[in-house]
1. Look through 92, 30, 104 and report the one residue that is closer than 17 Å to residue 135 by Cα and either aromatic (Phe, Trp, Tyr) or not in a strand (DSSP E or B) (or both).
2. Within the range 47-88, count every residue that is outside any helix (DSSP H, G or I), out of contact with any Ser or Thr (no Cβ under 6 Å at 6 or more places or on another chain) and in contact (Cβ under 8 Å) with a residue 24 or more places away in the chain.
3. Within the range 62-89, count every residue that is touching a strand residue (DSSP E or B) at 6+ places or on another chain (Cβ under 9 Å) and within 14 Å of residue 48 (Cα to Cα).
4. Answer with yes or no whether residue 44 is touching a Ser or Thr at 6+ places or on another chain (Cβ under 8 Å), within 28 Å of residue 26 (Cα to Cα) and not in a strand (DSSP E or B).
5. Which is more than 30 Å from residue 120 (Cβ to Cβ) and at pLDDT below 90, of 75, 53?
Amino acid sequence: MRGTGDAAERGSTLPLVLVCWLVAALMAFGAIAASDAFLEQQQVQSVCDGAALAAANATDEATVYATGVGTTLPLTRASTQAAVADQLADGGTPLDSWGTETDGVDVTVRCTRHVEIAFGWLFLGGRPLERTAVAGARAPTVP
């Protein structure tokens, strides 16, 4: 009797081992994909930070000559957009879209890039991942 019971259970651990290996592989692939997405986000944020600093240093010269310099440099939408475009043209990381907003003192830059990540075919169905960063800056002057 004992021999027939062992024969019926023979090979039943193979599916369990295969499922464990599948789960472990998915966890490893997920960790790699998440790391890749994080590094892409850091790169977009770095580019956006540099663009915001360039925009904060782009003064509206007509306003400076007309009214002088107070405690901050006067910024306009046109001057900040030109500075960001110049900064991004010099950089090596292309962006899909970007935009600037300013209230005359502070500037906010929003950058977006669609990236392919490792194992994106598995987790995203082959679609690119959107990475968006927002950076702000102010260029104060010394009184």
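The values are calculated or read from the model by the stated rules, or taken from the named source; none is laboratory data. The structure displayed is predicted, hence computed values, not measured ones. With ideal geometry, Cβ positions are generated from the backbone for all residues, glycine too; neighbour counts draw on all protein chains shown.
1. When all the criteria are applied, what remains is 104.
2. Of all residues in the range 47-88, those outside any helix (DSSP H, G or I) come to 57-60, 68-76.
Within this subset, residues satisfying the condition of being out of contact with any Ser or Thr (no Cβ under 6 Å at 6 or more places or on another chain) are 57, 59, 68, 70-72, 76.
Imposing the further condition that a residue be in contact (Cβ under 8 Å) with a residue 24 or more places away in the chain reduces the set to 57, 59, 70-72, 76.
Residues in the range 47-88 being outside any helix (DSSP H, G or I), out of contact with any Ser or Thr (no Cβ under 6 Å at 6 or more places or on another chain) and in contact (Cβ under 8 Å) with a residue 24 or more places away in the chain: 6 in total.
3. 6
4. yes
5. 75
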